[in-house]
Amino acid sequence: MDLHHLRLLRELGDRGSLAAVAQAMHITPSAVSQQLRTLQRSARVPLTERRGRRLVLTEAGRALAAAAIEISTALDRAARAVDDHLDDPAAPVTVAAFHSAALTFFGPLLGRSGLPPLRFADEDVPQAGFPALAADHDLVLAHRLAHSPPWPADRLAVVPLVREPLYVALPARHRLAAQSSLSTADVAAEPWIGVHEGFPLEGVLTAVAAAAGRPLDIVHRVNDFTVVAALVAAGGGLALLPGRTGRFDPAVTLRPLADLPVERHIDVLARPESLHRVAVRTVLAALRETATGPARPTGDSGA
């Protein structure tokens, strides 16, 4: 049964004539009759009958008209519930992020006043796994290399947050630390600490090897940058570390690659409908404000 047809039946019961219903609904009396006949085909008993020149409701028609009132009321209540949900500034917001972004953004967000309740989750996934996280979280902080394929904008809202340089991390006591910048030839023969396969920074190490014309000696594979920095400080090898996010051991020095400048994009991914919520937009605005801080100098470990 069509809700509009049910409404016409109710209006006929309340207004008493086809002409009155037509005038109220801004359609012709013949259109009212045609739509009531369509409704009648879905019922097993007559819904209307003729009394003289008037068309009135039968007992079954009056029962269905009463049910139409209940249906309209329920639908209106449902619509109001959706509006209340969308407009509630205090509704909880879930935010997922990879580790270094979580370290950078979760604390400052908790420290801000005026935000809705926040529910955080750390998600260490390959680059291809970030879009799927938007099904379970309102906002997802994701990262990809600058030359990587873009996020699927046909099904996700993508909000750029940070373009972050990536630097070679080496012990402060390392012989290369005295240089203001490094080349791929400088670092290609060193032992390296890489990420697991499928994670964004893996492509940079592949590019370094290609530019140097030799494979890299990757002795450790660790995704957590805090652990990576500790290994670098202990002399476990060189690594790539971000220049804006993360807090690292003071014994770690960061230097840019002069012949292979690299950066990653940190973006916020969300299902488009999530951004209809006032609370989600408020948290997104806070994320963007937090992201406007300056990048660390390349000689600063970020401790």
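Just one of the listed residues (VAL168, VAL159) is surrounded by fewer than 18 Cβ atoms within 10 Å (Cβ to Cβ) and in a strand (DSSP E or B), and it is VAL159. All of LEU8, LEU55 fail the test of being of a type in the set (A, V, I, L, M), in a helix (DSSP H, G or I) and surrounded by 12 or more Cβ atoms within 10 Å (Cβ to Cβ), apart from LEU8. From the list ALA207, ALA189, the lone residue that is closer than 24 Å to ARG144 by Cα and out of contact with any Pro (no Cβ under 7 Å at 6 or more places or on another chain) is ALA207.
With respect to TRP151, determine if the residue is of a type in the set (Phe, Trp, Tyr), farther than 24 Å from ARG271 by Cβ and either surrounded by 14 or more Cβ atoms within 10 Å (Cβ to Cβ) or out of contact with any strand residue (DSSP E or B) (no Cβ under 6 Å at 6 or more places or on another chain) (or both). Criteria not met by TRP151.
For SER17, indicate whether it is small (Gly, Ala, Ser), farther than 22 Å from ASP76 by Cα, surrounded by fewer than 13 Cβ atoms within 10 Å (Cβ to Cβ) and in contact with a Leu (Cβ under 9 Å, 6 or more places away or on another chain). In short, no. Considering the stretch 263-276, the residues that are within 29 Å of VAL187 (Cα to Cα) and buried (at least 21 other Cβ atoms within 10 Å of the Cβ) include one that is modelled with the highest pLDDT, namely ILE266. In the stretch 176-196, of all residues being surrounded by fewer than 12 Cβ atoms within 10 Å (Cβ to Cβ) and in contact (Cβ under 8 Å) with a residue 12 or more places away in the chain, the one that is nearest to the chain's Cα centre (by Cα) corresponds to SER180. Could you check the stretch 67-91 and list, in sequence order, the residues that are surrounded by 12 or more Cβ atoms within 10 Å (Cβ to Cβ) and either of a type in the set (Phe, Trp, Tyr) or at pLDDT 80 or above (or both)? Those that are surrounded by 12 or more Cβ atoms within 10 Å (Cβ to Cβ) and either of a type in the set (Phe, Trp, Tyr) or at pLDDT 80 or above (or both): ALA67, ALA68, ILE69, ILE71, SER72, ASP88, PRO89, ALA91. In summary, GLU123 fulfils each of the numbered conditions (1) farther than 22 Å from GLY203 by Cα; (2) assigned by TED's automatic domain parsing to the domain that holds VAL222 with the single exception of condition (1).
The values are calculated or read from the model by the stated rules, or taken from the named source; none is laboratory data. Predicted, not measured: the structure shown is a model, and the values here were computed from it. Note that each Cβ is placed from the backbone with ideal geometry, even for glycine, and that neighbours are counted across all protein chains shown.
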